[in-house]
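Encoded as structure tokens, the structure appears first; notes follow it.
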Ligand SMILES: [Zn+2]
């Protein structure tokens, strides 16, 4: 878990930068051990500012989900919308923190087949190229 990039500030921008590098990082409080994801600059539990980056194992369980028919612009650009819904959900990681992300490996047209509690593993969805390259956080139902 040691890497040279752990001095990045505990911001959403750093979090997104890690996602672009294929890493799901959380901030951990050095004083009380609380994990936060997305990272926080101040520990919400004990208000400590002594934090460190830790890479999560990227495994967890589906804690809840919604099928999205009214897609935001960047998803419409990827072909999603009323005729091709996608699934957005909350995943509880093995480390005990929850994160919202795209859910893949499921049939959005048949939400009754999607089971809360299913094991999931992290996935990074790349779209676009060059300047337009984006990497989205997702979890795939195993
Ligand atoms: Zn703390």
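The values are calculated or read from the model by the stated rules, or taken from the named source; none is laboratory data. Everything numeric here is computed off the predicted structure, so don't read it as measured data. Positions of Cβ are generated from backbone atoms using ideal geometry, with glycine treated the same way; all protein chains shown enter the neighbour counts.
Figures for the structure shown
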{"read-out": "Sole exception among (1) under 19 Å from the mean Cα position of the chain (by Cα); (2) under 24 Å from residue 14 (Cβ atoms) for residue 106, by number", "value": "(2)"}
{"read-out": "Test: residue in segment 39-51 that is under 13 Å from the mean Cα position of the chain (by Cα) and surrounded by 13 or more Cβ atoms within 10 Å (Cβ to Cβ)", "value": "yes"}
{"read-out": "Matching residues in segment 21-36 - criterion: being surrounded by fewer than 14 Cβ atoms within 10 Å (Cβ to Cβ) and within 19 Å of residue 139 (Cα to Cα)", "value": "21, 22"}
{"read-out": "Residue match in segment 82-98 (condition: in a strand (DSSP E or B) and more than 17 Å from the chain's Cα centre (by Cα))", "value": "yes"}
{"read-out": "Boolean, residue 106 is in a strand (DSSP E or B) and surrounded by 15 or more Cβ atoms within 10 Å (Cβ to Cβ)", "value": "no"}
{"read-out": "Some residue of segment 52-71 being over 26 Å from residue 8 (Cα atoms), surrounded by 12 or more Cβ atoms within 10 Å (Cβ to Cβ), within 17 Å of the chain's Cα centre (by Cα) and in contact (Cβ under 8 Å) with a residue 60 or more places away in the chain", "value": "yes"}
{"read-out": "Among the candidates 62, 37, 51, 24, residue that is within 16 Å of the ligand (Cβ to nearest atom) and closer than 21 Å to residue 104 by Cβ", "value": "37"}
{"read-out": "Unique residue being assigned by TED's automatic domain parsing to the domain that holds residue 136, away from the ligand (no atom under 16 Å from the Cβ) and within 17 Å of residue 135 (Cα to Cα) when the list is 90, 76, 19, 70", "value": "76"}
{"read-out": "All positions within segment 41-65 that are in contact with a strand residue (DSSP E or B) (Cβ under 6 Å, 6 or more places away or on another chain) and not in a strand (DSSP E or B)", "value": "43, 48, 56, 58"}
